[in-house]
Amino acid sequence: MMNSKSKQFLLMVMAAVVLLISLSANVSAKKQMLPPKESLITEYYYQTKKPIKTWISLSNPAAKTNEDRQIIIPKGTVVSGQPVEVKNKQIKKIVIKSSSLSYQIKKAAIQPGYYLEHWQDLTGDIKYSKARFKPVKKPQYVVPYSEGNLCLGTVPKDYPDTFASNQLTVTSDGYIELYKYDVNSGPEGFSNKPMGMAKINKTRVNKNVCYLYYSNHVTGLNDQRVRKSGKYQYRLKVADEDNIKTQTIWDGGKQAFVARLYYAHYAIGNVTYYTEVGEMSLDG
C-alpha cells in the first residue's frame, strides 16, 4: 500500500507526463500552421551604389488611362526586387517592387488625377551590374516573409475583401507609412500621400518582437514616446502573434480552387494587422 509521499510522487509524475503531451501537441499544431517552405514569399534585396533611374506606373480612373513616370532612386537605397534576366548564372536585369518604396521616392512622379499602385507594382526592367547594385540581407524592420504591406484587422474569410482596410507599409528603404482606406479614394481606396509617416532610425529585435524607433509620431499608430528629443523619440512595438490563417482562391471560369494564400498576424502598437507571407498553387 502506498504511503502519502509515494502517492504525491506518482501524482507529480502523472502531471509531468500530461504536461509533456500537452506541449508536444501544441508544438505539432504550431508546425502544422506554418506555411510550407516552398510556398513562402521569396524576397531579394539590393542596395543601390549609384542613383537609379526607372519607371513606375500610375493610373487615372477618371480618364481610364495609365501612364509611366520616371523616378530616381538615390544612391544607398535598399530596394526589394526580382531578377528577370539571368545568363550563365549572372543577373543581367532586375525589376524593383515600387510598392515597397517610400512615398518620399515616388512623390516626384505624381501628377493631378493620377494614383500610385499600392499592391504588387513593379518598375520597368533595370540593368543589373556590380557597379550599380549589391545584394544585401532583408532589413530587420521588414517583417519576415512579407513584402512590408500590412492590413488592419484579422484577414477576412473571402479574398475580394482582403485589402479593404487601412494599410501599414514598412518600406524597403526604411520608412513606416499609414494609409487610410476610403472606397472613394483612387482605384484601390488609398490616396497617394500617407496620413502619417516617419523615417525608421533604429531597429531592435528581441525574439518575436521588433521595436522601431523614429523621431516623430505617426498619425493613426499607437506608438510610444520614449525620449524628449532626437532621432529615437518614438517607439513602435511589432509583435508576431504566431497566428497563420489561410484563404483559398476560387476561379469561376475553371470552377475550381486555384491557390491557397497564407497570412501572418502582427500586433503593431497592440493593434492587429495581417500580411500575406505565402502562396501555393492548387491548379494542377
I'd like the per residue volume of the convex hull spanned by the Cα atoms of the chain, given in cubic angstrom. 220
Find how much the distance from residue 44 to residue 127 grows on full extension, using 0.36 nm per residue of separation minus their present alpha carbon separation; answer in nm with one decimal. 28.3 nm
Checking the table 50/107; 89/254; 37/87; 87/237 against a 31 Å threshold on Cα-Cα, which pairs fail? 89/254; 87/237
Ordered by residue, what ³J(HN,Hα) values in Hz, to whole numbers, does segment 98-112 give under the Karplus form 6.51 cos²θ - 1.76 cosθ + 1.60, where θ = phi - 60° and Gly and Pro are x? 5, 5, 9, 8, 6, 4, 4, 7, 8, 4, 5, 8, 6, 9, x
Only Cα pairs under 8 Å and at least 6 apart count here; give the relative contact order of segment 37-281 as a rounded whole percent. 16
Can you list which of the trypsin sites (Lys or Arg not before Pro) found in segment 197-284 are DSSP loop residues with at most 11 other C-beta atoms within 10 Å? 207, 228, 254
Compute, for the chain, the length of the dipole vector about the Cα centre, with Cβ point charges of +1 (Lys, Arg) and -1 (Asp, Glu) only. Units Debye, rounded to 20. 1660
Trypsin sites (Lys or Arg not before Pro), restricted to segment 74-166: which are DSSP loop and have at most 16 other Cβ atoms within 10 Å? 75, 89, 130, 132, 137, 157
Counting sequence-distant residues (5 or more places) and residues on other chains, those with an amide H built under 5 Å from that of residue 50 are 76
Folded to 0 to 90 degrees: helix 4-33 orientation relative to the chain principal axis, Cα: 20
How large is the Rg to Rh ratio of segment 98-238 when both quantities use alpha carbon positions and Rh follows Kirkwood? 0.97
Out of residues 5 or more away from residue 41 or on other chains, whose amide H comes under 5 Å of its own, with H placed 1.01 Å from N in the peptide plane? 278, 279
With just the Cα atoms defining each centre, how far is segment 123-186 from segment 46-117? Give it in Å. 13
Theoretical gain in end-to-end length, residue 205 to residue 251 [0.36 nm per residue, Cα-Cα removed]: 12.5 nm
Run the reach check for residue 199 against aspartates and glutamates, Cα to Cα strictly under 15 Å, same-chain hits fewer than 8 apart removed. What comes back? 173, 177, 223
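Since every read-out is calculated from the coordinates, none of them should be taken as a lab result. Note that the structure is a prediction, hence the values are computed from the model and not measured. No Cβ is skipped: glycine too gets one built from the backbone with ideal geometry, and neighbour counts run over all protein chains shown.
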